[in-house]
1. Kindly establish whether Ala422 is open to solvent by less than 80 Å² (accessible area, probe 1.4 Å), more than 18 Å from His362 (Cβ to Cβ), small (Gly, Ala, Ser) and touching a Lys or Arg at 6+ places or on another chain (Cβ under 9 Å).
2. Quick check on this structure: which one of Leu222, Leu234 is buried (at least 17 other Cβ atoms within 10 Å of the Cβ) and in a helix (DSSP H, G or I)?
3. Does any residue of segment 93-114 turn out to be more than 30 Å from Asn18 (Cβ to Cβ), touching a helix residue (DSSP H, G or I) at 6+ places or on another chain (Cβ under 6 Å), β-branched (Val, Ile, Thr) and assigned to a helix (DSSP H, G or I)?
4. Tell me which residues, restricted to segment 19-66, are aliphatic (A, V, I, L, M) and outside any helix (DSSP H, G or I).
5. Identify all residues within segment 156-181 that are surrounded by 17 or more Cβ atoms within 10 Å (Cβ to Cβ) and of a type outside the set (Lys, Arg); write none if there are none.
6. Of all residues in segment 296-342, which are within 42 Å of the chain's Cα centre (by Cα) and small (Gly, Ala, Ser)?
7. For segment 184-196, state whether one or more residues are of a type outside the set (Ser, Thr, Tyr), over 34 Å from the mean Cα position of the chain (by Cα) and part of a loop (DSSP other than H, G, I, E, B).
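The values are calculated or read from the model by the stated rules, or taken from the named source; none is laboratory data. Everything numeric in this text was worked out from a predicted model, so none of it was measured. Every residue, glycine as well, gets a Cβ built from its backbone with ideal geometry; the counts of neighbours run over all protein chains shown. Ligands, DNA and RNA are stripped out before the accessible areas are found, and what is left, the full protein with its side chains, is counted by its heavy atoms. Shrake-Rupley method; radii C 1.70, N 1.55, O 1.52, S 1.80 Å.
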Amino acid sequence: MKNRKSEVLAFSLVSGINKAIARLVDIWDNIGIQEEQRVERMEAVKKHIELLMNEMIIEEENLKLRILKNISACREELDILYHELSLEPYQIDQSQTVLQLEKDLRTKLENLVKEKTDRLKELKSLQEEEKSLCIDLCATPYYIPTGSIPSHQQLQDLKEHIKRLSLERESRVEVFSGLRQEISQLMNEIGHNPETTLEKDAVCDDADTFLLTSENIKALKLIVCQLEVKKETLISTRDNLMEKVSNLWNRLEFSQEEKNLFENNIKGSLSVEVRKLQNELDRLDELKRANMEEVIENIRHELMEYWDKCTFSTEQREAFAAFYSDDFKEELLIKHEEELARLKNYYAQCKVLFEAVNKWEHNWQLFQDFEKKASDPNRFSNRGGTLLRESKERAKIQKMLPKLEEEIKGYIEAWEAEQGTAFFVKGQRFMDYVANQWEELKTQKEKEKSQRLKKGDNSALRTPPVKRPHGGNSIMNTPSKTRKLTGTPNASVMRTTVSSTSSNSAGSNSIGSTFHSVTGKPPLSVQKTPHRSRLPDISHLTPLQEFKSDKPAASYTQFAKELEKKSNNIEAILNSTAKDVLH
């Protein structure tokens, strides 16, 4: 359509020129201008038209050249920008006219220039942020060649680098804050003033001046470790001084009010407490030298307490000869202090063993108490289930003692293997000590048995007066019956005498004083009708049922078995006797 318009316009231009020339010819004819003049004038018209057309052609040719130059310049600049911006080269559409191509290239160029400007602006902003972080962290900046245009990937990598630096800075700030607070707290606790530049920078009010480099963080951690070591040293020194001061207070018999007053006045930093305790210790040392005898006597009391705790025998105690010296001088005091320190250390090493031995001693004492109760003549008259409870507790302790002995034996063997020395209880090996305790118990029981037998022989010819229950008359002359007991290991003829409740008690006393088995109460019919109650006199059986052994029990287990066997024999006799009485 555009081509047609231009062609119509050109045809119209030619037609117009032809009409103009024809009119000129008509004018020239009317005027009567000769041919020669007409030719001259026609040549002038031609010349003017050609000149005008040539000028227009020249101008259009120049326009074309300028457009081509612009295209060339744009293509050169685009090539450079595509290279700087790391973009793929622009592909030219060959179907475009020169004017369209020039416009398209110019638009592309403007867009690339804008993108270049934006990248450089973003790079500058990111580098400023990175620079601040790198200064704080003493880190290396992300490398981008100076004067180059960053690619999209480089800008993205720079952003990631800044993000990592920001996280690292936050982490170091948190670590620094914690270390700074910890350093400040430790300095206050131990009374330490900042000495180095790093310590001063760490606790200064303006925390932003501190460079958060990894080296500085490591240095702060080292300061914390040093302060903690110093704190532990001061605490250890303070505790040692306090222990010495407390010992001297006790030895010099200071009142509790004086102790409390001093303890309240030393509150402060560790350095202050150590200094005050050292001053107090120096003062107490002067008092100690002035009261040497009293101090040594107090140490001796403490030595006796630890001898008891460590279960020392008389020979072990007498081995410390200085204990009996009356030469109250500094040398004697040093010996006592060294001995006390040795005992405390020994007790601390063997504390678990001593606690286990004390537990055995406690249960052994309970067992002996139950043995004494079992020999009590009045134990069968108890009411309320006391006898049953005692029997259960006694059985429980009988089972517990051998377990404790084996457990303690294992502890001692492990301790002796570790320490390379023997462990003694009252000058004896533990198992020897236990065996001796059982032997002493057996000897004591045999002694009591002998005393009961002698007492029984002396009272056999005397019969105590017996009263009938509920205020009845005496029945001393009541006829008696004789029966022969069978079914027992030592069957014999026994007499059963009609007796009152007191007679039954007397029989029970005789049995209970020798044996440890529990017998049942008489039937209710016997209790309600005293005149029908006939219990045999079995006191003469006591010597036959006593346990005899030429060899001491090697362990609790053997002793318990022998004791159980004896109790079973006695129980069989009592059951048989009860049946005969009922019949």
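1. Values: open to solvent by less than 80 Å² (accessible area, probe 1.4 Å): yes; more than 18 Å from His362 (Cβ to Cβ): yes; small (Gly, Ala, Ser): yes; touching a Lys or Arg at 6+ places or on another chain (Cβ under 9 Å): yes.
Against the criterion (open to solvent by less than 80 Å² (accessible area, probe 1.4 Å), more than 18 Å from His362 (Cβ to Cβ), small (Gly, Ala, Ser) and touching a Lys or Arg at 6+ places or on another chain (Cβ under 9 Å)), Ala422 qualifies.
2. Working: Leu222 fails: buried (at least 17 other Cβ atoms within 10 Å of the Cβ).
Testing whether each residue is buried (at least 17 other Cβ atoms within 10 Å of the Cβ) and in a helix (DSSP H, G or I) leaves just Leu234.
3. yes
4. So in segment 19-66, the residues aliphatic (A, V, I, L, M) come out as 20-22, 24-25, 27, 31, 33, 39, 42, 44-45, 49, 51-53, 56-58, 63, 65.
If the condition is that a residue be aliphatic (A, V, I, L, M) and outside any helix (DSSP H, G or I), then Ile33 is the only one that fits.
5. Answer for segment 156-181, where residues must be surrounded by 17 or more Cβ atoms within 10 Å (Cβ to Cβ) and of a type outside the set (Lys, Arg): Leu158, His161, Ile162, Leu165, Phe176, Leu179.
6. Ser313, Ala341, listed by residue number.
7. So the first thing to find is which residues in segment 184-196 are of a type outside the set (Ser, Thr, Tyr), and the list is 185-195.
Keeping just the survivors that are over 34 Å from the mean Cα position of the chain (by Cα) gives 195.
Within this subset, residues satisfying the condition of being part of a loop (DSSP other than H, G, I, E, B) are 195.
Checked against the condition, which is being of a type outside the set (Ser, Thr, Tyr), over 34 Å from the mean Cα position of the chain (by Cα) and part of a loop (DSSP other than H, G, I, E, B), segment 184-196 yields at least one hit.
So that you can scan it fast, the table gives a plain yes or no per residue for (1) touching a residue at least 24 places away in the same chain (Cβ under 8 Å); (2) open to solvent by 90 Å² or more (accessible area, probe 1.4 Å); (3) among the basic types (Lys, Arg); (4) more than 30 Å from Ser151 (Cα to Cα):
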residue: Glu7; (1), (2), (3), (4): no, yes, no, yes
residue: Ala10; (1), (2), (3), (4): no, no, no, yes
residue: Lys19; (1), (2), (3), (4): no, yes, yes, yes
residue: Arg23; (1), (2), (3), (4): no, yes, yes, yes
residue: Ile58; (1), (2), (3), (4): no, yes, no, yes
residue: Glu102; (1), (2), (3), (4): yes, no, no, no
residue: Arg106; (1), (2), (3), (4): yes, yes, yes, no
